[in-house]
Amino acid sequence: MSEILRLENVSRHFSGLQALRDVTLTVNRGEVLGLIGPNGAGKTTLVNTICGVTPANSGKITFDGKDITRIKTYQAARLGLSRTFQIVQPFAEFTALDNVAAAALFSQPGQSLKMAREQAMAHLVYVGLELQANHPAATLTLAMRKRLELAKALAMKPKLLFLDEVNAGLNSAEVERATKLIHELAASGITIVMIEHLMKVVLNVCTRIAVLHNGALIADGAPREVIENPAVVEAYLGQQYAKRNVARG
Amino acid sequence: MHAAQILVNAVVLGCLYACIAIGFSLVWGVLNVINLIHGSFIVLGAYLAFGLYNALHISPWYSIAVAAPLFFVLGYLLQRLLLNRVITAPVLVTLTMTFGLDLILNNAMIYFFKADYRKLTLTPSLGSVSIFDVVVPVDRLIATVSALALTGLLYLLLRRSRVGRAIVAVRLDRDAAVLMGVDVKSIYAIAFGLGAALAGCAGVLMALIFPISPLTSSGYLGKAFVVCVLGGLGSVSGALAGGLLLALVEGIGSTFFGPAHATTLSFILLIVFLILRPQGLLGRKGFE
Amino acid sequence: MTKSNIALLVLLAVVASLPLFGGAYALRLGTIACMYAIMALSWNVVGGFAGYPSFATAAFFGFGAYTAGVLLNKGLPLWLCVVIAAVTALLIAAVLGAALLRLRGHYFAIASLSLVEVLRELVNNATDLTGGGMGLNIPLGSGSGVLAEAMFFFYAMWILLLLTVLMVMAVAGSKLGFGLACIRQNETASSMVGLNTTLYKSIAFGLSACFVSAAGGVYAAWVHYIDPSDVFDILYSVKPIVMALMGGLGSPLGVACGAFLYLGLEEVVWRNYIQIHTGVLGLIIVLLLLFLPHGLISLRPANLWRRVKHV
């Protein structure tokens, strides 16, 4: 397996708060990497740092053979790094169609608005929003907006796709539907990094798991291995629980 | 002019600038409104001092006691009756609104007081003090000390009083303040009233030093902009720092490039600060 | 082409036929109407499309007036002066825009307002070139008679307006306009989908300056005398905003109508209340914002009906 993304000793702090500490991580082509960790562990910051929203203070990030440590957000998008947001970020007044068209239009060179709209429709059909194509994004339900985010991300023809809690706030039927979509995407060959709290989904979908805790990477490996790692259990459930568990085990 | 005199002039002027800006900064910080009437409030305060002195021989120090409650009520009502209706609208709307109000007030002043420059001249004159070679007119000195006192009063009010803490709370986090039971609309009106009162008092002090005319209002407003951006929005100490920096830059600038370029320099400084350090020298989130 | 664009072009044609009906006074009003519409439509590119509250219009108007004024005094022909004013304003605004448009909300508003102050003071102090506070006399044109000259300047301004309208239509229907709409709604999300927001905002700022500066140039030649407090008047920054708010933000047809309507109001107020005309203007602004915050566009019959039902 060839690697598509490599982080070397990446750190980022926000006036005193160390959000990422020396994170070293590689992502391989075609895999589905689950990025997990307790709240405030730095998962979203890691994605933001890779995408150029909050550039790294130190370290090096390589994507597809290019150094992208100091890259601007829009350049990252054009290189094929795309993402969905934990808190959905639609263009509220635009229709669903134009939301996706914007993504298709600006992420690839030489697109016309007309072509972008045609492609956008195909992506809306793919995520099952074709009936809502002409509704303003502000009127969609949360589940629909999450799918809209996904359609936008796909319209950017990503090589690497970050999914930031696509399932948060969804009911179980909606989660099932989203999971199925992710499976299909992975099967189509897109490399995926997903931040996810639902363990069921993580174990179901991911081929590898990386765990962040207090901004540092504390585990990285096959799903089963990682969730039985005492350090991970401790990070999630506290020291006492971990000790008790080890004693029992 | 030697360095000590430039420095002393800058300190004196800087305190006055801080006093001009502090009410503007309070309103901007707490209400998130750029109050373009601020300059006209200052001029109105100056006319009040001028009128009281010439008609009733009330000296400007006592005029402050008249101006403060009068302007507070004026500001409070303006916010309650008008601005609260558009307070949640985008920047463009609130800004244009205060501009419209400023046109009305300024035009009214030109209509009633005419545009000529007047000067409040204390008789007998208070003279000036000189230490070594540094000369400071006494009226200027008194104005500076009063400006500092007003600034200090605001600081104490925000720090110590219940309503002050509520204002700071709204500034820090409006939604959380609502959950804590703060009546935001009324806090907005009080903050706007305080801003107006500070402007009125600043105007009284300005009357001691500068000529009075409705045409000077945009000059005061400009100073308030610059001081807020230099010092950083949201703190009494920031306004002081901004005022002193502005006065120093103007003083040094007019020594080297001639007085005509002082304003240009200050606005260029403003733009540079906005781009490179928009939080200002001492900017932070709470207003204290 | 959309219906509202056609309506806008028809409106322009109607304005162009003005000299058929009126004399010197009508031509003067017509020239100002075109000038106001240029300002409002230009402002709308950055204020309406991209959502940045710019107060820089007066800066570019004054810049154009002085650029053309100084060059006219050097003996250059008017058309060349206007072209130079437009192109330099475009470039300067694009460069400034890259820096200033990083600021948002109030900070951007104040920075753009300061631009007016800085330029005014610079012109005030560059006495050798501009005459400083004494103002600048601009040589009279051909001396071909009052009415002929009024006609000439009316059509000069009208052509600039036509160009502005074509520019605004081109922007609105293009990738640029689409991108500016994205920036207005959610700038972070815009850069996330690969939109170079700095570039787009710079272009928008440049375009919004270009025709205003050209109009300033024509204005200078028209009135023969300019001084800093006249052409860098902050009211030139605020009026376009009021016009755009009157007509409805973002819609070129609405904005152009707003400009004409505003001029009408201004003229009536000016004639009847000369001493308090700025106060009345202020009152109009306040009432407009309180009662008609979405402009005349919200008065379309359908919306009115909805409002009536609401009540």
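Values quoted throughout were computed directly from the atomic coordinates according to the rules given, and no laboratory measurement underlies them. Everything quoted here is computed from the prediction, not taken from an experiment. Quick reminder, even Gly has a Cβ in these numbers, built from the backbone with ideal geometry, and neighbours come from all protein chains shown.
Is the C-alpha gyration tensor of the stretch C:24-93 telling us rounded, prolate or oblate? Criteria: a/c under 1.5 is rounded; beyond that, a/b larger than b/c is prolate, otherwise oblate. Because a/c hits 1.5 or more and a/b fails to exceed b/c, the stretch C:24-93 counts as oblate.
For n ≥ 4 DSSP H runs only, could you compute -39500 (n - 2.57) per run for chain B, divide by its residues and tell me the 222 nm figure to the nearest 500?
About -24500 deg cm²/dmol.
In this structure, the residue pairs whose Cα-Cα separation is over 18 Å, taken from A:LYS114/A:LYS159; A:LYS180/A:LYS200; B:LYS114/C:LYS239; A:LYS66/C:LYS201; A:LYS114/A:LYS146; A:LYS114/A:LYS152, are A:LYS114/A:LYS159; B:LYS114/C:LYS239; A:LYS66/C:LYS201; A:LYS114/A:LYS146.
Restricting the count to DSSP beta bridges whose residues both fall in the protein assembly as shown, what percent are antiparallel, rounded to a multiple of 5? If you can, show how the numbers build up before the last one.
Values: 28 of 44 bridges.
So the antiparallel bridges in the protein assembly as shown amount to around 65 percent.
Size of the dipole of the stretch A:152-217 about the Cα centre, Lys and Arg at +1 and Asp and Glu at -1 on the beta carbon, nothing else charged, in debye to 20? List each step's numbers first, then the result.
Details: 7 positive and 6 negative charges, 48 e Å.
With only Lys, Arg, Asp and Glu charged at Cβ, the dipole is about 240 debye.
Label sites at C:ASN137 and A:THR26, each approximated as a point 7 angstrom past Cα along Cα to Cβ, lie 8.0 nm apart.
In percent, how large is the relative contact order of chain A, given Cα pairs closer than 8 Å and 6 or more residues apart? Working shown, then result.
Values: 473 pairs, mean separation 60.3, N = 249.
RCO, chain A: 24 percent.
Relative to the longest principal axis of the Cα atoms of chain A, the long axis of helix A:96-107 makes an angle of roughly 80 degrees. Contact order, relative form, for the stretch A:91-156: 46 percent (alpha carbon pairs under 8 Å, 6 or more residues apart, mean separation divided by residue count).
Say R0 is 60 Å: what FRET efficiency, to the nearest 0.05, do C:ALA126 and B:LEU172 get from their beta-carbon distance?
0.85
Taking the Cα centre of the protein assembly as shown as the origin and placing charges on Cβ (Lys, Arg +1; Asp, Glu -1), which of B:VAL91, C:GLY132, C:LEU265 is farthest toward the positive end of the dipole? Of B:VAL91, C:GLY132, C:LEU265, it is B:VAL91. Within the stretch A:46-134, the trypsin sites (Lys or Arg not before Pro) that combine a DSSP coil assignment with at most 11 other C-beta atoms in a 10 angstrom radius are A:ARG70.
How high is the relative contact order of the stretch B:21-216? Use alpha-carbon pairs under 8 Å, at least six apart in sequence, and give a whole percent.
Result for the stretch B:21-216 is 48 percent.
Measure nothing but the geometry: give the 0 to 90° angle between the long axis through the Cα atoms of B:184-209 and the longest principal axis through the Cα atoms of chain B, rounded to 10°. Once rounded, the angle reads 10 degrees. For the stretch B:131-142, the Karplus equation 6.51 cos²θ - 1.76 cosθ + 1.60, evaluated at θ = phi - 60°, returns couplings of 10, 6, 9, 8, 10, 10, x, 5, 4, 5, 4, 5 Hz by residue, with Gly and Pro reported as x.
Of the residues B:LEU77, B:GLY39, A:SER172, the one whose Cα sits farthest towards the positive end of the charge dipole of the protein assembly as shown is A:SER172 (charges of +1 on Lys and Arg Cβ, -1 on Asp and Glu Cβ, taken about the Cα centre). Taking only Cα atoms, what is the 0 to 90° angle, nearest 10, from helix B:3-31's long axis to the longest principal axis of chain B? The angle comes out near 20 degrees.
Residues C:LYS239, A:LYS200, ranked from the fewest to the most other C-beta atoms within 10 Å, line up as A:LYS200, C:LYS239.
Restricting to the stretch A:55-210, what percent of DSSP beta bridges are antiparallel, rounded to 5? Mind dumping the intermediate values first?
Working: 3 of 11 bridges.
Given both bridge residues lie in the stretch A:55-210, the antiparallel proportion sits at roughly 25 percent.
For chain C, adding -39500 (n - 2.57) for each run of n ≥ 4 DSSP H residues and dividing by the number of residues yields -24500 deg cm²/dmol at 222 nm. Here the residues C:THR278, B:THR88, ranked from fewest to most Cβ neighbours within 10 Å of their Cβ, fall in the order B:THR88, C:THR278. Rg then Dmax, both in Å and based on the Cα atoms of chain C: 19.3, 65. Computed from label points 7 Å out along Cα-Cβ, the spacing between B:VAL134 and C:LYS74 is 4.9 nm. Residue by residue through the stretch A:207-223, which ³J(HN,Hα) values in whole Hz follow from phi under the Karplus form 6.51 cos²θ - 1.76 cosθ + 1.60 (θ = phi - 60°), with glycine and proline marked x? After applying 6.51 cos²θ - 1.76 cosθ + 1.60, I find 9, 8, 10, 10, 10, 9, 8, 6, x, 10, 7, 10, 7, 7, x, 5, x Hz.
Using a simple spin-label model with pseudo-atoms 7 Å out from Cα toward Cβ, C:ALA170 and C:ASN272 lie 4.2 nm apart.
With +1 assigned to the C-beta of every Lys and Arg and -1 to the C-beta of every Asp and Glu, and no other charges, what is the dipole magnitude of the protein assembly as shown about the Cα centre in debye, to the nearest 20? All intermediate terms of the calculation are to be shown ahead of the outcome.
Working: 59 positive and 40 negative charges, 317 e Å.
I would put it at about 1520 debye.
Treating each Cα of chain A as an identical point scatterer and summing with the Debye formula, the log10 of I(q)/I(0) at q = 0.07, 0.11, 0.14 Å⁻¹ comes to -0.24, -0.59, -0.94. Coupling constants for the stretch B:212-220 follow from the phi torsions by the Karplus curve (6.51 cos²θ - 1.76 cosθ + 1.60, θ = phi - 60°), and in residue order they are 10, 6, x, 5, 7, 5, 5, x, 4 Hz; glycine and proline get x.
Quick one: putting +1 on the C-beta of Lys and Arg, -1 on the C-beta of Asp and Glu, what dipole do you get for the stretch B:21-216 around its Cα centre, in Debye to the nearest 20? Present the calculation step by step, with values, prior to reporting the outcome.
Values: 13 positive and 7 negative charges, 75 e Å.
Here the size comes out at about 360 debye.
Does the protein assembly as shown come out rounded, prolate or oblate, given a ≥ b ≥ c as the square roots of the eigenvalues of its C-alpha gyration tensor, rounded meaning a/c under 1.5 and, failing that, prolate meaning a/b above b/c?
Because a/c hits 1.5 or more and a/b fails to exceed b/c, the protein assembly as shown counts as oblate.
For an R0 of 41 angstrom, estimate the FRET efficiency from the Cβ-Cβ distance between A:THR207 and B:ILE275 and round to the nearest 0.05. Display every interim value, and only then the final one.
Numbers: r = 46 Å, r/R0 = 1.13.
After rounding to 0.05, the efficiency reads 0.30.
Neighbour counts of C-beta atoms inside 10 Å place C:LEU292, C:LEU161 in the sequence C:LEU292, C:LEU161, starting with the fewest.
Work out the charge dipole of the protein assembly as shown with +1 on the Cβ of Lys and Arg and -1 on the Cβ of Asp and Glu about the Cα centre, then indicate which of C:SER4, B:ALA21, B:ALA260 is farthest towards its positive end. Working it through, the farthest residue towards the positive pole turns out to be C:SER4.
Close amide-amide hydrogen proximity is noted between B:GLY232 and B:LEU281, B:LEU282, each under 5 Å apart and 5 or more residues distant or on a separate chain (H modeled in the peptide plane; Pro and chain starts excluded).
Hey, with R₀ at 22 Å, roughly what FRET efficiency would A:THR139 and A:GLN111 work out to, going by the Cβ-Cβ distance, to 0.05? Present the calculation step by step, with values, prior to reporting the outcome.
Values: r = 27 Å, r/R0 = 1.21.
Working from the Cβ atoms, E equals 0.25.
Seen through its C-alpha gyration tensor, with square-root eigenvalues sorted a ≥ b ≥ c, the stretch C:227-272 comes out oblate because a/c lies at 1.5 or above while a/b is not bigger than b/c.
Just tell me, in residue order, which DSSP H segments of chain C are both 27 angstrom or longer along the helix axis (alpha-carbon based) and at least 1.0 in mean Kyte-Doolittle hydropathy. Walk me through the intermediate numbers first.
Details: long enough: C:24-43 (28 Å, 1.29); C:78-100 (32 Å, 2.68); C:105-125 (31 Å, 0.65); C:146-172 (39 Å, 2.32); C:197-223 (39 Å, 1.16); C:252-272 (30 Å, 0.80).
What comes out of the filter, once short or polar helices are dropped, is C:24-43, C:78-100, C:146-172, C:197-223.
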